[in-house]
1. State the number of residues belonging to region 206-226 that are buried (at least 16 other Cβ atoms within 10 Å of the Cβ) and modelled with pLDDT under 90.
2. Take the residues of region 235-253 that are more than 18 Å from the chain's Cα centre (by Cα) and buried (at least 21 other Cβ atoms within 10 Å of the Cβ): which is nearest to residue 276 (Cα to Cα)?
3. Would you pick out the residues in region 119-131 that are out of contact with any strand residue (DSSP E or B) (no Cβ under 7 Å at 6 or more places or on another chain) and more than 19 Å from residue 167 (Cα to Cα)?
4. Give the residues of region 47-86 that are closer than 27 Å to residue 98 by Cα and not in a strand (DSSP E or B), sorted by residue number.
5. Only one of (1) in a loop (DSSP other than H, G, I, E, B); (2) within 22 Å of residue 152 (Cβ to Cβ); (3) touching a strand residue (DSSP E or B) at 6+ places or on another chain (Cβ under 6 Å) fails for residue 30. Which number is that?
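The values are calculated or read from the model by the stated rules, or taken from the named source; none is laboratory data. Here the structure is a predicted model, which means the values were calculated and not measured. Note that we place each Cβ from the backbone using ideal geometry, even for glycine, and neighbour counts take in every protein chain shown.
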């Protein structure tokens with residue numbers, strides 16, 4: 001699958017777009033970005049989601065608001081109910097559109113703050129996803145006017161709840177072709193658990209190694225090494241919090257041949273050891 005800029009179909013009857021996506025087999029890795037905000041509720045599915053340089057597990061009721069041009073994808077591992085499909089209820093809207101509506105109404109000031117905070121992606125408690133499921137599903141049987149009012153109501157509800165910031169990388173409005181950086185990011189997200197050499201990434205980008213580093217920093221504001229570490233530690237966090245897999249095995253699975261190096265990098269990124277991090281979730285194991 002080639003990374004790409006997703007072009008969303010325009011609807012003549014609506015200022016924004018939506019999709020009721022149902023997949024029987026799996027939610028595939030489709031690393032992409034687009035200029036719209038994206039609000040996604042994922043149902044009957046569990047797996048991993050990748051938002052910018054953030055990696056995390058997701059469960060039934062996963063609710064995420066993603067900012068413009070922030071690369072992302074979900075990858076399913078299994079269904080909750082094997083007889084039903086994976087479901088993703090997705091709403092897309094433009095920054096200019098929502099800002100025009102919200103800036104003219106003092107009542108929507110919380111929504112304006114929400115839009116600003118969502119540039120890095122925001123994830124909400126699954127309890128909120130469950131509570132809003134009926135509202136999301138009802139969208140697809142309502143008139144355009146009713147859908148608009150309902151969307152604003154959902155955004156207002158999100159603004160009243162605290163979302164967890166996701167990516168530490170904020171997309172930059174860099175002019176020109178993004179195909180090179182998209183190829184590199186896609187390669188990193190697919191192979192971060194393997195040994196990765198700078199020369200290999202430079203070949204993917206069709207650039208010199210120095211050109212690769214300049215391009216990567218311009219688009220992501222971080223170096224390749226720091227981005228790769230964040231992916232590996234993010235996957236480790238997902239496993240530490242959701243499984244009893246030995247820490248040494250987790251370190252190896254996410255790309256660290258040395259347990260000492262893994263512990264050192266984890267402490268630097270998370271401010272605690274892997275064991276301390278796991279103990280925070282021990283009650284749920």
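1. 3
2. The qualifying residue nearest to residue 276 (Cα to Cα) is 240.
3. 127, 130, 131
4. Scanning region 47-86 gives 52, 53, 61, 67, 68, 69, 70, 71.
5. Residue 30 satisfies all of (1) in a loop (DSSP other than H, G, I, E, B); (2) within 22 Å of residue 152 (Cβ to Cβ); (3) touching a strand residue (DSSP E or B) at 6+ places or on another chain (Cβ under 6 Å) except (2).
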